[in-house]
Amino acid sequence: MPCTLDQSFVTKGSWKPDLFKDKVVFITGGSGTICRVQAEAMILLGCRAALVGRDDKKLIETSNELCDLVNDSERCLPIPNVDVREYNDLENAVHLTLKKFGRIDYVIAGAAGNFICDFMNLSPNAFKSVVSIDLLGSFNTVKAATPALIKSKGSILFVSATFHYYGVPFQGPVGAAKAGIDALSNNLAVELAPLGIRSNCIAPGAIDDTEGFKRLSKPELKESVKEMIPLQRLGTKKDIAESTVFIFSPAANYINGHTLVVDGGMWHTGTLFTKEMYPHEIVKSAKTAIAKL
Ligand code: COA
């Protein structure tokens, strides 16, 4: 996948070129559509990056592309075969990062899994799967990296969502997981700030050309989704990258325990991604479940 950002992010953007020089970011889900652009922004502004993920081919490809972006083959470390559900995998990934770069200043807990499913069709294992990747995976990531963050007086960014701000149908597991992530971030904002660490969340809305958007919406519904967003456009991956840079920059030094919603105001409209399915799909599922009794 080609990079979304280029040098114009540095030459024409809002940030100082060497904002993150000598710093290191540790990113789970680093070859995913949103997280890799967060990585692009950090790298363009001088950071080194450890990209952590499950898929080794995709991860190595992403890492090479990010190094090419800044003409520096040492700027990125791909750490494949890591399942965020496994704490030992994360501990090992942190160890490899420290061995290569010597420090970790920023953590992006971005690995996530999601699908559309109503409660009646949701198996206990399906619920567990999403909660384990999103919530437990975020916990494992931050837990493993915290000793390094204490040393660097670093900063944590969880990737949350807006699915739990109201009763979004077909999004139960992810809503429950992201609510837990917000709670965890708030807890860490209080417990870790005396040690010099800030903890915040970013909550992306409908971001164009991402895995999440593809899973939640159909291409033919794009125009109608846009109309439901107060700013009348889908978000871009660059929008998320800019907000990420802001949260890690010294400009956000006093921001701690905050969730930055980057959704063009979408959640205020109570927008339902899956509104074309509501409520008839739920009624249909319930009838099937009752018929089995
Ligand atoms: N609807 C309902 N249930 C589903 C489902 C769907 N679309 N996809 C998977 N499941 C269920 C499976 O049936 C299984 O439950 P069962 O054992 O009772 O049958 C359970 O979820 C686990 O499935 P499995 O394929 O083993 O999951 P996994 O843990 O390997 O993968 C997912 C996790 C399911 C979240 C998968 O979608 C994933 O890996 N996603 C990563 C990428 C992603 O979602 N990105 C978007 C980020 S917003």
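Return a yes/no flag: does segment 227-240 have any residue that is within 16 Å of the ligand (Cβ to nearest atom), more than 18 Å from the chain's Cα centre (by Cα) and more than 21 Å from Cys35 (Cα to Cα).
no
Starting from segment 235-260, take each residue that is polar (S, T, N, Q) and list its partners that are assigned to a helix (DSSP H, G or I), counting only C-beta distances under 7 angstrom and pairs at least six apart or across chains.
If the second residue must be assigned to a helix (DSSP H, G or I), the pairs left are Thr244/Gln38; Thr244/Ala41; Asn256/Ala189; Asn256/Ala193; Thr259/Asp182.
Go over the candidates Val24, Val70, Val107 one by one and state the one that is within 28 Å of Val130 (Cβ to Cβ) and more than 16 Å from the ligand (Cβ to nearest atom).
Details: Val24 fails: within 28 Å of Val130 (Cβ to Cβ); Val70 fails: within 28 Å of Val130 (Cβ to Cβ).
Going through Val24, Val70, Val107 in turn, the sole match is Val107.
Hey, can you tell me all the residues within segment 111-140 that are within 15 Å of the ligand (Cβ to nearest atom) and over 28 Å from Met277 (Cα atoms)?
Those that are within 15 Å of the ligand (Cβ to nearest atom) and over 28 Å from Met277 (Cα atoms): Leu136, Gly137, Ser138, Asn140.
Considering every residue within segment 210-217, establish whether at least one is under 21 Å from the mean Cα position of the chain (by Cα), modelled with pLDDT of 90 or more and outside any helix (DSSP H, G or I).
Scanning segment 210-217 turns up at least one residue that is under 21 Å from the mean Cα position of the chain (by Cα), modelled with pLDDT of 90 or more and outside any helix (DSSP H, G or I).
Can you list the helices (runs of 4 or more DSSP H) found entirely within segment 49-156 that contain at least 3 residues being acidic (Asp, Glu)?
Details: elements: 56-69, 87-101, 124-131, 137-152.
Filter on segment 49-156 gives 56-69.
Has segment 210-221 got at least one residue that is closer than 23 Å to Ile34 by Cα, of a type in the set (Val, Ile, Thr) and in contact with a Phe, Trp or Tyr (Cβ under 9 Å, 6 or more places away or on another chain)? Let's see the steps before the verdict.
Going through segment 210-221, the residues closer than 23 Å to Ile34 by Cα turn out to be 210-221.
Okay, now just the ones that are also of a type in the set (Val, Ile, Thr), so 210.
Narrowing further to those that are in contact with a Phe, Trp or Tyr (Cβ under 9 Å, 6 or more places away or on another chain): none.
No, segment 210-221 contains no residue that is closer than 23 Å to Ile34 by Cα, of a type in the set (Val, Ile, Thr) and in contact with a Phe, Trp or Tyr (Cβ under 9 Å, 6 or more places away or on another chain).
Yes or no, residue by residue, for (1) in contact with a strand residue (DSSP E or B) (Cβ under 6 Å, 6 or more places away or on another chain); (2) touching a residue at least 60 places away in the same chain (Cβ under 8 Å):
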| residue | (1), (2) |
| --- | --- |
| Phe163 | yes, no |
| Val168 | no, yes |
| Gly172 | no, no |
| Leu195 | no, no |
| Ser199 | yes, no |
| Asp208 | no, no |
| Lys214 | no, no |
| Pro219 | no, no |
| Glu227 | no, no |
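Being crowded, with 20+ Cβ neighbours inside 10 Å and over 13 Å from Thr259 (Cα atoms) is the filter here, so list the residues in segment 173-187 that pass it.
Pro173, Val174, Gly175, Ala177
Condition (residue is within 16 Å of the ligand (Cβ to nearest atom) and either loosely packed, with under 15 Cβ neighbours inside 10 Å or closer than 18 Å to Thr162 by Cβ (or both)) applied to segment 245-260: is it met by at least one residue? Spell out how you get there, then give the answer.
Initial filter on segment 245-260 (within 16 Å of the ligand (Cβ to nearest atom)): none.
Scanning segment 245-260, I find no residue that is within 16 Å of the ligand (Cβ to nearest atom) and either loosely packed, with under 15 Cβ neighbours inside 10 Å or closer than 18 Å to Thr162 by Cβ (or both), so the answer is no.
From (1) within 23 Å of Tyr106 (Cα to Cα); (2) touching a residue at least 60 places away in the same chain (Cβ under 8 Å), pick out the condition that doesn't hold for Leu188.
Every condition holds for Leu188 apart from (2).
The values are calculated or read from the model by the stated rules, or taken from the named source; none is laboratory data. The structure displayed is predicted, hence computed values, not measured ones. No Cβ is skipped: glycine too gets one built from the backbone with ideal geometry, and neighbour counts run over all protein chains shown.
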